[in-house]
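The values are calculated or read from the model by the stated rules, or taken from the named source; none is laboratory data. Please read these numbers as outputs of a predicted model, since none were measured by experiment. Because the Cβ atoms are built from the backbone with ideal geometry, glycine has one as well, and the counts that use them run over all protein chains shown. Only protein heavy atoms, including side chains, enter the accessible area calculation; ligands, DNA and RNA are left aside. Shrake-Rupley method; radii C 1.70, N 1.55, O 1.52, S 1.80 Å.
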Amino acid sequence: RVLQLIELMKKSEENKKTKQRYFIKMADKVVKYNFLGAGLTYLLTGSFSKAISFLLVDFSCALKISTPVAYLTAIKEGLNREMVIKDGDVLEKYLEVDTFFFDKTGTITTSYPLVEKVLPFGDYSEEDILRISACLEEHIYHPIANAIVKQAEIEGIEHEEMHGKLQYIASKGIKSHIDGESVVIGNFVLMQDEQINISHISSEQNALIEEYKSHYNLLFLAYQNELIGMFCIHTPLRKEAKTALDKLKAQGKKLILATGDTLVRTEELVKDLPFDQVYIDLKPDGKFELVEELQKAGHTILMVGDGLNDSAALTLSDIGVVMNESADISKQMSDILLLDNRLDFFQELDSLSSSLQTLIKKNIQDTVVVNSSLIGFGLFNWLSPSNLSILHNLTTLRIVLRSLSIKG
């Protein structure tokens, strides 16, 4: 599964577009016109002092120096706002984003799910269920897995290694062996895939499952092909989620939720949220393919995710955003890391992006107007070559110094 994710991420990197060096390349292209202007002026006037105006005053210096400075300043300002922006090009792409693509668990919900109930079946106790489950889940990064391990810690239950080699089934759960017997922990789909025998469950227990599945994420534990326990996991929405999503919707953005969770649980969680589309039971390649389809349809996508399953889709997205509590591989593949784990970062990112683009445009405008004027003064002999050089360098310095401060 990891190898498959790596291949998807490689494909994503190949498909990514970048505009980061656009202004620097533009400055490089302008240089030839300075030489061309100098040559033509000398041929037409025979004046070296007039021709040298094109060489003493150029447009590339200010652009090539101020543009990287402005992007670095914006990145630093982002860090001051608890956002690690890894690539300045992200700030330009953000203004083009029309679709926001969200994972569910650990993204629009908190990264710390809570174990509300532990329901043992048969001759097993709650302590038995927690011990076996924590032993398995401690090896996997996922908010729900962390909740199981945390609950065992709270109850003082030790869970020494008792299992064999683990097999992680993406978006479903874990398979392994204990004392040579099969053990499986995961969602109900995994129980069905593994043909776990649940016929012995009483009607009362079935009623509990039906009741809880609309309010909780249900995690099942099976041993020796029998269902022996169930966890009721509560994953509350982030307190700022509804406000943040409502603001995006008011801006006319398309909102999409993609999750590996079930329909019943997902509908209960997002019933008051303004999502345009909700996709359930998705595996990592499903999220990747969904992002790919949206991009082919002409959408510019910002994805917010957190787990290993999101890594490939995050890489393919035009902008990938993760929480600070995310899996390490997701952090590595993201474009923006949110240090404070807030979902309402959009307004600050929008303000920062707009301020950066305004600054870049102003730098270009001042470079063209001032330097064109200086060249004109040189052609009419209104300024000496030495004065032209001094004023040109002072103009460049002023533009660079202005690029050291971004407000927004």
Open item on the list: Within the chain, what whole-number % of the accessible surface is contributed by carbon and sulfur, with the 1.4 Å probe and all protein chains included in the calculation?
Closed with: 54
Open item on the list: For the stretch 45-132, what are Rg and Dmax over the alpha carbons, in angstrom?
Closed with: 29.4, 103
Open item on the list: Restricting to Cα atoms and excluding each atom paired with itself, what does the Kirkwood estimate give for the stretch 169-297 in Å?
Closed with: 16.8
Task: Per-residue HN-Hα couplings for the stretch 327-332 [Karplus 6.51, -1.76, 1.60; θ = phi - 60°; Hz; x = Gly/Pro] - done: 5, 4, 5, 5, 4, 5
Open item on the list: Show me, for the stretch 145-157, the HN-Hα J-couplings you get by feeding each phi into the Karplus relation (A = 6.51, B = -1.76, C = 1.60, θ = phi - 60°), rounded to Hz, glycine and proline as x.
Closed with: 4, 4, 5, 5, 5, 5, 5, 4, 5, 4, 8, x, 8
Open item on the list: With a cut-off of 8 Å between alpha carbons and a minimum separation of six or more residues, what is the relative contact order of the stretch 101-217 in percent?
Closed with: 16
- [ ] Determine the relative contact order of the chain: mean sequence separation of Cα pairs under 8 Å and six or more apart, normalised by residue count, in whole percent.
- [x] 25
Open item on the list: Taking R0 as 25 Å, what FRET efficiency do you get between residue 163 and residue 205 from their Cβ-Cβ distance, rounded to the nearest 0.05?
Closed with: 0.45
- [ ] Jot down the per residue volume, in cubic angstrom and as a whole number, of the convex hull over the alpha-carbon atoms of the stretch 119-214.
- [x] 120
Open item on the list: Roughly how far apart, in whole Å, are the Cα centres of the stretch 257-300 and the stretch 154-233?
Closed with: 25
TODO: Taking the Cα centre of the stretch 185-312 as origin, work out the dipole magnitude from +1 charges on Lys and Arg Cβ and -1 charges on Asp and Glu Cβ, in debye rounded to 20.
DONE: 680
TODO: Under a cut-off of 13 Å between alpha-carbon atoms, report the aspartates and glutamates in cross-link reach of residue 172, not counting same-chain residues fewer than 8 places apart.
DONE: 137, 193, 194, 261, 281
Open item on the list: What would the Debye equation give as log₁₀ I(q)/I(0) for the stretch 306-377 at q = 0.20, 0.24, 0.25 Å⁻¹, counting only Cα atoms as equal point scatterers?
Closed with: -0.83, -1.00, -1.04
Task: the chain - accessible surface per residue (Å², probe 1.4 Å) - done: 48
Open item on the list: Output the 0 to 90 degree angle, nearest 10, between the alpha-carbon long axis of helix 241-250 and the longest principal axis computed from the alpha carbons of the chain.
Closed with: 50
TODO: Largest first and in whole Å, give the semi-axes of the chain's equivalent ellipsoid, each being the square root of 5 times a Cα gyration tensor eigenvalue.
DONE: 60, 19, 17
